[in-house]
Amino acid sequence: MKTRGFEIAKGFEDKEINLPVRKTKYSAGYDIECAEDTVVPSFKKGMNPTLIPTGLKAYMEDDEVLYLYNRSSNPKKKGLILANSVGVVDKDYYGNSDNDGHIMFAFFNIKDEDITIKKGEAIGQAIFSKYLITDDDVASGERQGGFGSTDK
């Protein structure tokens, strides 16, 4: 029985994607790599964040969530900051009809020059966690899409 983990998302099966690993036995996060060379342009007012493909999707238990965090070295070394501070990947994002649950990191580049992230380069980390619900929770809706679809 599968409890939680990572798989290759549809469309990335032949792209030599590495499944995330923890580098030390006390690491909380699984290191996530970029799936293809991607340029993150220098920030200009009004621009959208650059979505960095990982080629991954994640499965988990009903009461779990996957949090996406920036690497601590990214802001200083590369000028990369997460547009949403922390990414939240819900259980029902896995296998969705829009993008199969493909996990992407949304970055802004605060340096003066464009930054190229190379395929296979570590871009962030992912941490599985349990979450709690309130006594009066009545959520019954079902996901109807992929990235940013929970408000539809």
key: Residue under evaluation residue 26, criteria (1) assigned to a loop (DSSP other than H, G, I, E, B); (2) farther than 21 Å from residue 128 by Cα; (3) of a type in the set (Phe, Trp, Tyr), criterion not met   = (2)
ask   = Can we say residue 76 is farther than 24 Å from residue 129 by Cβ, in a loop (DSSP other than H, G, I, E, B) and not hydroxyl-bearing (Ser, Thr, Tyr)?
value = no
ask   = Across region 1-15, what is the total count of residues that are more than 12 Å from residue 35 (Cβ to Cβ) and not hydroxyl-bearing (Ser, Thr, Tyr)?
value = 7
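Is region 2-12 home to any residue that is modelled with pLDDT under 95 and either touching a strand residue (DSSP E or B) at 6+ places or on another chain (Cβ under 7 Å) or among the aliphatic types (A, V, I, L, M) (or both)?
Yes, region 2-12 contains at least one residue that is modelled with pLDDT under 95 and either touching a strand residue (DSSP E or B) at 6+ places or on another chain (Cβ under 7 Å) or among the aliphatic types (A, V, I, L, M) (or both).
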message = Between a residue in region 77-104 that is in contact (Cβ under 8 Å) with a residue 12 or more places away in the chain and at positive phi and any residue that is crowded, with 18+ Cβ neighbours inside 10 Å and of a type in the set (Val, Ile, Thr), which pairs come within a Cβ distance under 7 Å, given they are 6 or more apart or on different chains?
response = 79/115
inquiry  = Checking the structure you have, find out if any residue of region 121-138 is in contact with a Cys (Cβ under 9 Å, 6 or more places away or on another chain), at pLDDT 95 or above, in a loop (DSSP other than H, G, I, E, B) and surrounded by 12 or more Cβ atoms within 10 Å (Cβ to Cβ).
reply    = yes
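The values are calculated or read from the model by the stated rules, or taken from the named source; none is laboratory data. As the structure is a prediction and not an experimental result, all values here were calculated from the model. When we count neighbours, we look across all protein chains shown, and the Cβ atoms used for this are built from the backbone with ideal geometry, even at glycine.
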